[in-house]
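Bear in mind these aren't lab numbers, they're just calculated from the coordinates by the rules spelled out. These numbers come from a predicted model, not from an experiment. As a convention, Cβ positions derive from the backbone with ideal geometry for all residues, glycine included, and neighbour counts pool all protein chains shown.
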Ligand SMILES: [Zn+2]
């Protein structure tokens, strides 16, 4: 049992989220409002009726198919610019309520334009405007990462990344490769990501989640990612672990998501502590708060409960997240300074 003071401290602790998908961070109540407004055919407009379609249930099989099925359902909800604006703002409000002071929120324009048929440029503009307004309102800093999927076409990835470059001054700081890892190597996306890097965008790639250490090498060696989403299967190859440390690659680890997608059997068996002890730059993130039914505070509390993390370990992970942010140097320096100050005050001293 954790003492309640420690739980309260973790909840109140200023936090950083580097890996959260907007499409997986929607409020259930908002989905009901959208369903009602757009007259979805549903037995009723009740949160509990909808929940199993968009969130992992306790008795549900944990595997990729069940996990990704939630995203397929969610794609049906992005009906209009107003919906996208609303969910973007609420994602910022929810992060602020969880004491997240800096967040890099990622979103997939192709998912959000599934129904509106808007161009990537339009969708990125809607998300930027909404997020900037909400972040200003709540006094937190939010930047955006634009995701493209491995299993979707290179042409559309080109279009999305090209559009992202237009929003560098509006909050877009990075690009991400997501989607089905198995059978879809990162290699073909190399020229697209090179353009993004040349335009000043950070690169993070989902790898080493559903595929092994080779996929992590693909992300950093072939594409030049400085951060890897998940990356936990790097553990399967000591050579890749060494490269991660030599190149100071940061892993955006999302423990509950890994259990929900069947990559890891339980939180107690999650490799996060081993990676961290080995000296890999790990951070702790949510991935999809709605789908996993969690907040970032929950993830940090679970790391203490199931992985023997201390408050000092959580603070160190938070500072590593600040170091790995895609902010330009001056802003990153300010962020680090703020976090050093906040985390070293009496309340969070372990
Ligand atoms: Zn992810």
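General observations
- Residue ranges 171-177, 296-302, 45-51 sort as 171-177, 296-302, 45-51 when ordered by packing (mean number of other C-beta atoms within 10 Å per residue, highest first).
- Spatial offset of the stretch 272-315 relative to the stretch 34-71 amounts to 26 Å, using the alpha carbon center of each.
- Shape class for the stretch 1-135, computed from the alpha carbon gyration tensor (a ≥ b ≥ c): oblate, with a/c not under 1.5 and a/b at or below b/c.
- Shape of the stretch 236-350, Cα gyration tensor, a/c cut at 1.5: oblate
- The fewest-to-most ranking of 126, 274 by surrounding Cβ atoms within 10 Å reads 274, 126.
- For the chain: relative contact order, % (alpha-carbon pairs under 8 angstrom, 6 or more apart): 19
- Residues 336, 241, arranged from fewest to most other Cβ atoms within 10 angstrom of their Cβ, appear as 336, 241.
- Selected from 258, 222, 149 as most flexible by GNM, with the chain as the system and alpha-carbon contacts under 10 Å: 222
- Footprinting exposure proxy for 193, 53 (fewest neighbouring C-beta atoms within 10 Å first): 53, 193
- Spatial separation of Cα centroids for the stretch 185-224 and the stretch 150-180, in angstrom: 12
- Cα shape, the chain, gyration tensor, a/c 1.5 rule: rounded
- Between the stretch 13-29 and the stretch 227-252, the alpha-carbon center distance in angstrom: 24
- Fully extending the segment from residue 12 to residue 79, taken as 0.36 nm per residue of separation minus the present Cα-Cα distance, adds 20.6 nm.
- Rounded to the nearest 500, the helix-only mean residue ellipticity at 222 nm of the chain stands at -14500 deg cm²/dmol, with each DSSP H run of n ≥ 4 adding -39,500 (n - 2.57).
- DSSP bridge pairs, the chain: antiparallel proportion in percent, nearest 5: 0
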